[in-house]
Structures are given as structure tokens and as C-alpha cells.
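For reference, the structure discussed in these notes is given below.
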Amino acid sequence: MLPDIHMTPAEGVRAHLDLQGGRAGGVLLPIHWGTFNLAPHAWAEPGEWTKDAAEEAGQAAAFPRPGEPFEPAGKLPAEAWWRGVSQPIARPWRRPKQASAPAEEPERDLDLAGDR
């Protein structure tokens, strides 16, 4: 349901990376989460899933408590503060690490203009 009406945490991280030229950069600041329980998902999921998605992408992210000021160029509030005030989430977001297989050489059966 969430993707029909809103970005998922992973899509939010992807949008940030797109705005940074496709690479990790700047500071991702997830907004309007953690203050009200108005969604069909667990209250802590957006923070937990955004933290995981940002870590996977190597992207710095700030997770200030509601109303907590911080400077993006300074020490970022990265503590998962919501864990101390919420129930554990039922569905962790983090995908299992994939074992990397050696890349196979693609078949070269086409006469590509770039190969000439």
C-alpha cells in the first residue's frame, strides 16, 4: 500500500542519491516520520528501514529526535532513538547479503556499431 501513496524508505534514499548525481553525498534527512502513528505500518518502520537503506548505499543520514537541532556539517544524530520508545518492528527491511558470483562474459553474437 505505501508505494501507491508515498515513497518507500528505499525510494527516498534513491531519490537523494539521484539528486547527488548518483553517488552518496550530502546528508539525507528523512522528514515527517516518528511523530504520529497514522499509517498502516509499524510506527518505527520508516526510521529503521531508512537507516538500513542509507547504510546499504553508503549514504550519511541524520535521525534527530523530533525538534532536535543539528548542523549537517557537524556531528550527525545517527542514534536509532526510536528503538527505546517503540515496539520492535515485525518486518525488518534489510535484505540478506548476496554472495557475489563471478561475472560471466556476455555472448558476443551481435555486430554492434561500437565494436567496429
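The values are calculated or read from the model by the stated rules, or taken from the named source; none is laboratory data. Just so we're clear, the structure is a prediction, and the values are computed from it rather than from any experiment. Quick reminder, even Gly has a Cβ in these numbers, built from the backbone with ideal geometry, and neighbours come from all protein chains shown.
Quick notes
- Matching residues in segment 70-90 - criterion: being surrounded by fewer than 12 Cβ atoms within 10 Å (Cβ to Cβ) and farther than 14 Å from Pro30 by Cα: Glu71, Ala73, Gly74, Lys75, Gly84, Val85, Gln87, Pro88, Ala90
- Residue check, Leu38 modelled with pLDDT of 75 or more and either of a type in the set (A, V, I, L, M) or out of contact with any Leu (no Cβ under 6 Å at 6 or more places or on another chain) (or both): no
- Any chance Glu56 is in a helix (DSSP H, G or I) and over 17 Å from Ala80 (Cβ atoms): no
- Across segment 42-71, the qualifying residues are those that are within 17 Å of Ile89 (Cα to Cα) and of a type in the set (D, E, K, R), and the one among them that is modelled with the lowest pLDDT is Glu45.
- Going through (1) part of a helix (DSSP H, G or I); (2) out of contact with any helix residue (DSSP H, G or I) (no Cβ under 6 Å at 6 or more places or on another chain) one by one, Gly26 falls short only on (1).
- Against the test of being surrounded by 17 or more Cβ atoms within 10 Å (Cβ to Cβ) and in contact (Cβ under 8 Å) with a residue 12 or more places away in the chain, the options Ala42, Ala62 yield a single qualifying residue, Ala62.
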